[in-house]
Amino acid sequence: MSTEMEAADVPPGKPEPQERPEPTARPSAEPESEPESEATPEAGPGPTPKTNPEAEPKADARPGLKPGTEPEAEVVVEAGREMVPVVVVLALAVGAIGLVAGAVLVVASLAGWSFGAWDSATTVTPGVVGAAMVRVAPGLFAVGAGAGTWEEARALVWPLVVVVGGQAAVNVVEWRSLVVVEGGPVLAFFFSLGWFAVFAVLAIVAVAAVIGQYAEPTGPDLERRAPLPAWSKPPIAVLGSAWFGIGSGLLVLPGYWSAFVPWTVNRMDARSLGLWAVALGVALLGALAEDDLHRIRPALTVAVALPVALAVVLAAHADEVRWGTGPALALVAMTVGLLLSGTIGRLLARRSDRRDRGSSRVLSPPATIYG
C-alpha cells in the first residue's frame, strides 16, 4: 500500500529515482572464474609475477635479424670422414724427407755427379726422381696442415701410398742394384742404406694409415662445392690413362718398356720412373672420381709445380735426351697436359672461392642495418 502511494507522489515526466542499495556482505559464493590473462596483479610488496618468455620479443645478437624474430636452430653435422692423425704424420714426414733427399738428388744431377741410391745409367733419372720428390712436398705439407677430411686429402694421399709402397717393393726386387749391395762411395753407400730403410718404414706406416683411415666412422658425404667442368673430364681421363699405362709397363716389363723413355735407363731406373708415372695417373684419375676442385686443391699444386721442375732437369741434360723421337714428343705432350690441367684447375678453384665469398657477404648483412 505504501509503495503505491510513493509512486503516486512522483510527478509525471520525471524518471523514477533509483534506490541506492544498502551495503551488504559479499556473498561467499565466488563468481565464475575469469581468464587469468585479464587478471591484473595488485601493486605492493611481494614476489614479482613471472612473465611468459615466449610472449616477449627477444632481440637476436646476430645482425640482419629484426627484434622479435627467432633465429632458426643451426644443426651442425660433421660431413665426410675425419682424417686420422697417422695420415697427417705420414704426409708431413714424407714431405720433409722428400724435400731433403730430393734436393740432394737434384743438385747432384745438375752438377753432373753420379749420385743416388743405385747406380743409374745416366744422371738424368736421379734428377727427375729428385725433382718429383721436391715438388710433391708442398702438396703433402698442405695435406698435413690444411686438409680436415679424408675427402680433401685422398687425391694426393693415394698417389703417396703408391710411391712409398711401390718404391719399397722395387728396392726389394732390385736389391742387387742398390749401392749398399754393389758398393760405391761412402756418401752414396749411406744414402742407399737410408733409402732402403726409410722406404721400408714408410711403407708400413702407409699401410697402417690406410687401414686406420677406413676404420674411422664417416658422416654424411662432403658437399661438392665446385665440380669439374664437363669439358675437362675427357682430356683428364686420357691424360691419366696415358701416365698410368706407360708407368705400369715400365714397372712390369722394364726391359721392353724402357724404350719408351727418351734417355738411357737400366732396370732400376725404368721401374722407379714407372712408379712415379703410375702415381701421376692415379692422381689424375682420382681427381675425376672426386669431381670437386676444392677436394683436389693439394694435388693441383703438385700438377703445376712438378712439370716445371721436370722441364728444368731435362733442359739441363738436353744433350742426353733423344728429343726427335716419339717417346720424347709423348713425354712433352703429357707434361704440358699435366701443367695445363693444374693451372686451369687452380684458376677455376680461385674463381669458386671468390664466388663463395661474394655469396657469404650477401647472406650476412653488415651490423649497421640492425635495429
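Treating each Cα of region 191-263 as an identical point scatterer and ignoring solvent, apply the Debye formula and state log10 I(q)/I(0) at q = 0.18, 0.19 Å⁻¹.
-1.04, -1.03
Can you compute 3J(HN,Hα) from phi for each residue in region 253-258, using the Karplus curve 6.51 cos²θ - 1.76 cosθ + 1.60 with θ = phi - 60°, rounded to whole Hz and x for Gly and Pro?
10, x, x, 7, 7, 5
Expressed in whole Å with the largest first, what are the equivalent ellipsoid semi-axes of region 200-344 derived from the C-alpha gyration tensor as the square root of 5 times each eigenvalue? List each step's numbers first, then the result.
On the way: eigenvalues 177, 85, 34 Å².
Ellipsoid half-lengths, sorted descending, are 30, 21, 13 Å.
Specify the inter-centroid distance of region 253-319 and region 171-186, based on alpha-carbon positions, in whole Å.
After rounding, the separation between the Cα centres reads 24 Å.
Show me, bin by bin at 10 Å from 0, the whole-percent P(r) of region 133-287 based on Cα pairs.
Spelled out bin by bin, region 133-287 gives 10, 31, 35, 18, 6, 1 percent.
Taking amide H positions as placed in the peptide plane 1.01 Å from N, state which residues far from Trp118 in sequence (5 or more) or on other chains have amide H under 5 Å from it.
Val179
Just to confirm my numbers, what's the Cα centroid distance between region 115-144 and region 212-250 in Å?
When both Cα centres are located, 23 Å separates them.
Which peptide among 222-231, 178-187 comes first, and what is the full order, when sorted by highest mean count of other Cβ atoms within 10 Å?
Working: 222-231: 13.3, 178-187: 15.3.
The peptides rank, most packed first, as 178-187, 222-231.
Given a Förster distance of 41 angstrom, what is the FRET efficiency for Glu82 paired with Ala330, based on the Cβ-Cβ distance and rounded to 0.05? Before the final figure, lay out the partial values.
Working: r = 41 Å, r/R0 = 1.00.
Here the calculated transfer efficiency is 0.50.
Tabulate in residue order the Karplus-calculated ³J(HN,Hα) for region 343-355, using 6.51 cos²θ - 1.76 cosθ + 1.60 with θ = phi - 60°, rounded to whole Hz; enter x for Gly and Pro.
5, 5, x, 5, 5, 5, 5, 5, 5, 5, 4, 5, 5
Once phi is turned into θ = phi - 60°, what whole-Hz ³J(HN,Hα) does the Karplus curve with 6.51, -1.76 and 1.60 give for every residue of region 293-298, x standing for Gly and Pro?
5, 6, 5, 9, 4, x
Subtracting the Cα-Cα distance from 0.36 nm times the residue separation, let me have the gained length for Val308 to Ser248 in nm, one decimal. Walk me through the intermediate numbers first.
Numbers: separation 60, 0.36 × 60 = 21.60 nm, distance 2.35 nm.
Between Val308 and Ser248, full extension yields an extra 19.3 nm.
No value in this document is a laboratory result; all are computed from the given coordinates. A quick note: this is a predicted structure, and the numbers were derived from the prediction, not measured. As a convention, Cβ positions derive from the backbone with ideal geometry for all residues, glycine included, and neighbour counts pool all protein chains shown.
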